[in-house]
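Encoded as structure tokens, the structure appears first; notes follow it.
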Amino acid sequence: MKIDVATLFPEAFDGLKVGVVGKALAKGLFELRLHNIRDYSADKHRRCDDYPFGGGAGMLMTPQPLHDCINAIDPAHRARRIYLSPKGKTLTQRRVVELAGEEALLFVCGAYEGVDQRVIDLDIDEEMSIGDYVLTGGEIAAMAAINAISRYIPGVLGSEQSTDEESFSDGLLEYPQYTRPAVFNGVAVPDVLLSGNHAEVDKWRRARQLELTRKLRPDLLKGEDK
Ligand SMILES: C[S@@+](CC[C@H](N)C(=O)[O-])C[C@H]1O[C@@H](n2cnc3c(N)ncnc32)[C@H](O)[C@@H]1O
């Protein structure tokens with residue numbers, strides 16, 4: 001998979017060079033190319049912002065550098081072009097899995113008070129939010145999406161099971177997990193996990209998944225207990 005990012009702050013993506021994602025990038029399991037929107041500004045001072053027509057607080061990203069940057073990166077419009085925006089549809093695990101199946105993704109990071117609407121209308125396929133709150137720029141949102149998507153690229157995670165049995169994979173939260181020691185600070189691991197009885201362990205885990213989801217995220221059950 002190829003992932004391109006249009007941003008005013010390419011250096012912010014250094015955060016993706018560590019851990020599991022960093023190793024995957026180093027191994028070439030997917031390609032990440034960062035593009036500085038400012039490099040496409042036709043303004044002699046490389047400006048990329050201006051005052052909003054009609055007044056209002058703050059500045060907006062002007063359309064020319066963004067439009068030229070997006071179309072230089074993806075001239076034939078082969079990539080799924082995503083503008084990170086609090087107005088977008090909130091990213092879910094289901095959408096993460098769908099996006100992991102795309103051949104090419106282009107993330108566009110806004111800044112200031114956002115971007116000129118004409119860029120969204122002319123150049124963007126979808127607006128994506130990472131939650132109902134406002135960040136100063138799209139970089140952290142793009143990194144969150146890229147991190148989540150990369151986990152579904154073959155070879156990125158050590159064990160195929162890692163994405164199968166975790167929170168949201170079957171619409172439920174993950175069951176509680178324990179490791180050694182069997183007793184910590186006087187608190188023992190549930191007996192069933194030490195029993196070696198895999199059927200009982202599975203039953204226990206399923207019951208805990210339902211219990212936890214009901215308690216912490218009843219919205220995920222939507223009335224249909226599994
Ligand atoms: C300060 S925000 C602009 C907010 C905009 N004025 C509004 O009220 O919708 C600047 C940039 O941060 C990014 N951003 C902020 N919050 C976000 C979120 N929840 N999800 C994704 N991107 C976000 C977007 O790229 C946006 O253009």
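Here Glu200, Glu165 are screened, and the one residue that is in contact with a helix residue (DSSP H, G or I) (Cβ under 7 Å, 6 or more places away or on another chain) and either outside the structural domain of Arg94 (by TED's automatic domain parsing) or surrounded by fewer than 16 Cβ atoms within 10 Å (Cβ to Cβ) (or both) is Glu200. The single condition among (1) surrounded by 13 or more Cβ atoms within 10 Å (Cβ to Cβ); (2) in a strand (DSSP E or B); (3) not aliphatic (A, V, I, L, M) that Arg33 does not meet is (1). Just one of (1) assigned to a loop (DSSP other than H, G, I, E, B); (2) among the polar types (S, T, N, Q); (3) at pLDDT 95 or above fails for Asn147. It is (1). Restricting the search to helices (runs of 4 or more DSSP H) fully inside segment 45-144 and requiring at least 2 residues that are among the aliphatic types (A, V, I, L, M), buried (at least 18 other Cβ atoms within 10 Å of the Cβ) and within 11 Å of the ligand (Cβ to nearest atom) gives 117-123.
The set of residues from segment 152-195 being aromatic (Phe, Trp, Tyr) and under 14 Å from Thr213 (Cα atoms) comprises Phe168, Tyr175. Among residues of segment 194-210 that are assigned to a helix (DSSP H, G or I), those with a Cβ under 7 angstrom from a residue that is among the aromatic types (Phe, Trp, Tyr) and surrounded by 12 or more Cβ atoms within 10 Å (Cβ to Cβ), sequence gap 6+ or separate chain, pair up as Arg205/Tyr175; Arg208/Tyr175; Gln209/Tyr175. Within segment 150-162, being of a type in the set (Val, Ile, Thr) and either buried (at least 19 other Cβ atoms within 10 Å of the Cβ) or assigned to a helix (DSSP H, G or I) (or both) holds for one residue alone: Val156.
The values are calculated or read from the model by the stated rules, or taken from the named source; none is laboratory data. Since the structure is predicted, the reported quantities are computational estimates derived from the model, not experimental observations. All Cβ positions, even for glycine, are placed from backbone atoms using ideal geometry, and neighbour counts span all protein chains on display.
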